[in-house]
Structure formats: C-alpha cells, structure tokens
Amino acid sequence: MIPFIDLNAQFKRIEDKVIERAVAVLRSGRYINGPELTELEERLADFAGVKHCVCCSSGTDALLMALMAWGIGPGHAVFTSPFTFFATGEVISLLGATPIFVDVDPVTFNIDPAQLEKAIEAVKNNDSSLYPLPPNIDMTSLVAKAVIPVDIFGIPAEYDALNAIAAKYDLLMLEDAAQSFGAEYNGKKTCSLTEVAATSFYPSKPIGAYGDGGAVFTDDDHIKKLLHSVRVHGQGGVDKYDNARLGLNARMDTIQAAMMLPKMDILDDELAARRKFAAKYTELLTPIDGITPPTVPAHCKSAWAQYSVLSDRKAELQAALGKAEIPTAEFYPTPLHMQTAFGYLGYAPEDMPVSFDCSKRIFSLPMHPYMQEGTHERICEVIAATLA
Ligand SMILES: *Cc1c(COP(=O)(O)O)cnc(C)c1O
C-alpha cells in the first residue's frame, strides 16, 4: 500500500531531536507559555517574513482569533470561497457574521477576484442580480467587512488583485494559509501577503504538529496585542484579573511548539521534495487524455498540500487506483454553500457553478515529501490504463 501521506517517514528522520525537545519540556515543568513557544513563533515569523507570529491551538482558532481581534460579528458580511474546508466558513457564522460565498477560478480553484468585486457590489447595493446572495438573509443592514481568501491545495490566491479590491472597498483581508505554509506569491511567502494571515499545523498540513496547532501572522503591533488577548480569555484589562473582552482558551502547548522546532530545520528540504514530486506527476499526467493536472500560476510556488486532479471519470479512476492499493482523497465533494450547516443561508447549488462542477470531478493523489522512487510511474500507469 502506498501511503497517502507518510508522517512516519518524517518522524524517523527527526525522531531523536523531537524526543529530546519533548523530554526537555517535560523536565522543565513549563507546560504553558514555555520558552519553546516564543522560539517557534520567532522562527515561523522569520520564515514567513512577517513581524509577529502568534501560535495557537488549531487553524480554526487561528481564523477565529483574527476575526475576533477585528471585532467581526452580527451585521457583518465576510466574503470567502465555497471551495474549501468547512472551518473557513464556520468561523464566520460562529461569530454571528454572514458568510458571502464567491465562486472560484476554474484553474487554481481559488476565489475569483472579478467575482469578488461583483459580490461586494451586490452586498453594497442589496442587489442579487449583480451576484448570487444568500436568499434567506436580510441584506439591508449587512455591512461588507472582510475577505478570507483560501490558498487551496497550497497554491496562493491572486493577492495583487484581491488586495486592490479590498483597499478599494475598505475591507479587511485574512489569508487562510492552512494549506499553503511555505508557498510563494511573487517571491513573497504566504502569511505575509495580507494584513493578517492564519495557518494550521494539523499533522497532514505542509508543516504539522504532533496533534492540533495553528498560528496567526501580522506586521501590525496593535493586532498582535489583540491576538494575545483573545488567545487567553480576552486578558489585558485594567489589571491582571480584569478581562478586556471575550476571548478563547486557544493556546498552543509548549510541548507541541518544542516538537515542531525540528520540523523547521527540514521544511525547505521537504518543500523542495514536494515540488520535485509534483513536477514528476505533471510530466507523467500531461500526455494522458481525460485527466487535468493542477496548474500553478507562473508567479507562484505551491506548498503542495495536495496534488489534485480533475477528471470526468473520477469514480472509475478512484476505484482502479484503490484496487491497485493506491489511496486517493476527495477535497472537497461538498462545497460550503451546499453544506447542511449552511442551509440557513438558502444558496442553490448552481449559485457557485465552478465549485459545484469541481466538487464532482476533483480528487487528490498521494503527495508528501517522502515518496519513493517509481511511485509516480506506478500511479500514472494505472491512470493511463484506466483512461485508455
Ligand atoms: C485544515 C484547514 C483549516 C482548519 O485547520 P485546523 O487546524 O484543522 O483547525 C482551515 N482552513 C483550511 C483551508 C484548512 O485546510
């Protein structure tokens, strides 16, 4: 069986260092806010080229903390992609704000800037003839407030265009870089492309913890203070026992930070391996009719969280690969506007036609930095034979 993601191979490579650092935390007794947390935050901020990194308990909490620091809540419209993991939309609704979905580009599967502008105009003018709005929501008192572009599968969204639109309409920009830590846009790393960015260290992400984890990034000193406050129950009122606002318990454990540090040493090497393997897949798949390999825009480098392909014969391909002991995954069979939990918005499937279409034709092939020689050939032979 070929592994879809091989976390064991990575652990073997850094096992001694991970255990050494974990044991040091166990012996120190500093299980909360130990020095390893600051050490990791500094390394992550340096890597991303951003002034501040605030680590936290998950990617979901990272998104939530950013929105809470901005005071997002009832009466606010937050624009995002429907072609993403559930959490991106969930955090908007959890805070009582309204998610406004904007369909994706059919090539990158990232939010389409031209459609974003239409959706903003639709909200501002309360006119769903300009762009499909959630029919069950009373738009009259809704204020357009923020955009959460997602770097789906590790490919950065189109930030020059998106930031220009956000500036024009005075909207906050929060990058959901949960799948793209280490990716680049015009030579700049993800998490440095918008005023605030969030990433996830779920174990299968480009850099993972040994459990849940996440981080928020910003150059803004004031936002950093707010993030620190929100991370621990809104602390920082008039004295130590006064809470200035409502917050969360969203800290990252010291032991997680300590165990992630050895991963920072191998991250560039792992990203290079992912890029090499992605290029190999694309070389082998391009000549095959009936399957579309992913396209990374020339000004971007992907972090290759997933290698996702499109095919009208998806079910047949997944069955054939499964039979050959090659696992596949489906990201995402149900776009957010069609999720049961977002049924209250009242969207129809056809409101986001590209996401709806992709969700039926997309699936992901095994991708990780420790793939063995010959694996790509084996996988692509099964695909070619099935489609022949
Ligand atoms: C994984 C993921 C999240 C949530 O991260 P968790 O660490 O699992 O909470 C959010 N957005 C996207 C796009 C993701 O892939």
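State which residue is surrounded by the most Cβ atoms within 10 Å (Cβ to Cβ) when the search covers only segment 295-326 and only residues that are part of a loop (DSSP other than H, G, I, E, B) and within 16 Å of the ligand (Cβ to nearest atom). Talk me through it step by step, then tell me what you get.
Kept after step one, since they are part of a loop (DSSP other than H, G, I, E, B), are these residues of segment 295-326: 295-299, 302-306, 311-313, 324-326.
Okay, now just the ones that are also within 16 Å of the ligand (Cβ to nearest atom), so 302-306.
Values: 302: 28, 303: 28, 304: 30, 305: 27, 306: 26.
This residue is 304.
Taking the criterion of being in a loop (DSSP other than H, G, I, E, B) and in contact (Cβ under 8 Å) with a residue 12 or more places away in the chain, the residues of segment 1-38 that qualify are 1, 2, 3, 4, 5, 6, 30, 31, 32, 33, 34. Please find, within segment 100-109, the residue that is nearest to the chain's Cα centre (by Cα) out of those that are crowded, with 24+ Cβ neighbours inside 10 Å and not acidic (Asp, Glu). Filtering first and then ranking leaves 109. Whether a residue is touching a His at 6+ places or on another chain (Cβ under 9 Å), part of a helix (DSSP H, G or I) and away from the ligand (no atom under 16 Å from the Cβ) was assessed, and residue 41 passes this test.
Filter segment 46-64 for residues that are away from the ligand (no atom under 16 Å from the Cβ), out of contact with any helix residue (DSSP H, G or I) (no Cβ under 8 Å at 6 or more places or on another chain) and not in a helix (DSSP H, G or I) and give the result. Spell out how you get there, then give the answer.
Step one: list which residues in segment 46-64 are away from the ligand (no atom under 16 Å from the Cβ), which gives 46-52.
Next cut, out of contact with any helix residue (DSSP H, G or I) (no Cβ under 8 Å at 6 or more places or on another chain) only: 46, 48-50.
49, 50 - these are the residues of segment 46-64 that are away from the ligand (no atom under 16 Å from the Cβ), out of contact with any helix residue (DSSP H, G or I) (no Cβ under 8 Å at 6 or more places or on another chain) and not in a helix (DSSP H, G or I).
Of all residues in segment 69-90, exactly one satisfies the criterion of being over 13 Å from the mean Cα position of the chain (by Cα), within 15 Å of the ligand (Cβ to nearest atom) and either part of a helix (DSSP H, G or I) or surrounded by fewer than 18 Cβ atoms within 10 Å (Cβ to Cβ) (or both), namely 90.
Just one of (1) touching a strand residue (DSSP E or B) at 6+ places or on another chain (Cβ under 9 Å); (2) under 25 Å from residue 359 (Cα atoms) fails for residue 61. It is (2). Among the residues of segment 214-224, write down those that are in contact with an Asp or Glu (Cβ under 8 Å, 6 or more places away or on another chain) and either near the ligand (Cβ under 10 Å from one of its atoms) or not in a loop (DSSP other than H, G, I, E, B) (or both). Selection gives 214, 215, 218, 223.
When 144, 177, 166 are screened for being under 30 Å from residue 267 (Cα atoms), buried (at least 19 other Cβ atoms within 10 Å of the Cβ) and in contact with a strand residue (DSSP E or B) (Cβ under 6 Å, 6 or more places away or on another chain), only 177 passes. Residues in segment 329-374 that are more than 21 Å from the chain's Cα centre (by Cα), closer than 24 Å to residue 274 by Cβ and crowded, with 21+ Cβ neighbours inside 10 Å: 371 only.
All of the numbers you see were taken from the coordinates with simple rules; none came from a lab. Model, not experiment: these values are computed from the prediction. Cβ coordinates were reconstructed from backbone atoms using ideal geometry, including for glycine residues, and neighbour counts include every protein chain displayed.
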